[in-house]
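Computed from the coordinates by the stated procedures, all read-outs in this text should not be read as laboratory data. As the structure is a prediction and not an experimental result, all values here were calculated from the model. Cβ coordinates were reconstructed from backbone atoms using ideal geometry, including for glycine residues, and neighbour counts include every protein chain displayed.
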Amino acid sequence: MKLNIVTIDGPSASGKGSLSKNIAKHLDFNILDSGLLYRVYAYLFSISGNHEEIKKLISEQITFISDQDGINVFKDNNNITHELRTEKTAKTASQISALDITRKNLLNIQRDFYSGKGLVADGRDMGTVVFPDARLKIFLEASAEVRAKRRYLELQNRGQEVNMPDLIADIESRDFKDRTRTISPLIPAEDSIVIDSSEMSLEEVLSFTKKLTKKEFNK
């Protein structure tokens, strides 16, 4: 049976986050930002370094509050969401996400975000591994240069110092690791719809995706 889920997979800075938030609001679905969960794992890994202890910390100390706007993460009732958005945490998350134990520890946590109401799941293996029975699967991609420009503006707006050549090199490196890893590689699901947003605005991507949701969900 197909689940009321839209999966939006793709490489870093392809626009998955913005598209997910807009589609979640359009459908009145909650959001799973799986990248943020891996950042939580990386954040805890920098504290503990022990995978079994991290699994215990997530169940005992971490609370996820999900709605149409995204996920807020609380550790012992303190909102740590902003702390998880640094490039340092992102790089650590990219490294440990390739480990089988990391993905196993987070698999059921990700699946628990689906309550039956409806979910937009944003990540890299949402349609292939986490929610293979999703009703609509999208793979969003764009060139490394376009994605670097998007990330540059995003980090600038947060007041972080950034270097464009370094960003391009980092994105290309992450792409290679994500696409060639043996565990849950970054590939489109066989039944996914691939959208290349390199020369599309968010509004154009959103308009195209709404036509797909109209067909699948009548919304």
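Taking 1.306 mPa s as the viscosity and 10 °C as the temperature, the Stokes-Einstein diffusion coefficient of the stretch 19-86 based on its alpha-carbon Kirkwood radius rounds to 125 µm²/s.
The value obtained for the stretch 1-50, namely the Cα convex hull volume divided by the number of residues, is 114 Å³ per residue. 3J(HN,Hα) along the stretch 31-42: 10, 10, 9, 5, x, 5, 5, 5, 5, 4, 4, 5 Hz, from the Karplus curve 6.51 cos²θ - 1.76 cosθ + 1.60 with θ = phi - 60°, whole Hz, x for Gly and Pro. Positive-end ranking of Asn78, Gln61, Ala42 along the dipole of the stretch 1-127, with charges on Cβ about the Cα centre, is headed by Ala42. The alpha-carbon atoms of the chain, seen along their principal axes, cover 46, 42, 33 angstrom, with the largest extent given first. For the peptides 29-36, 57-64, 5-12, the ranking by mean Cβ contacts within 10 Å, running from highest to lowest, is 5-12, 29-36, 57-64. For the stretch 77-90, the Karplus equation 6.51 cos²θ - 1.76 cosθ + 1.60, evaluated at θ = phi - 60°, returns couplings of 6, 9, 6, 10, 3, 5, 5, 7, 8, 7, 5, 4, 5, 4 Hz by residue, with Gly and Pro reported as x. Beta bridges assigned by DSSP with both partners in the stretch 8-140 are antiparallel in approximately 50 percent of cases. Peptides 139-152, 106-119 ranked from most to least packed by the mean count of surrounding Cβ atoms within 10 Å: 139-152, 106-119. Just so you know, the Cα atoms of the stretch 73-171 work out to an Rg and Dmax of 16.0, 43 Å. Evaluated over the stretch 55-178, the count of Lys pairs having alpha-carbon atoms less than 25 Å apart is 24 (only pairs 8 or more residues apart or interchain). Note on the stretch 3-207: with charges restricted to the Cβ of Lys and Arg (+1) and Asp and Glu (-1), its dipole about the Cα centre is near 360 debye.
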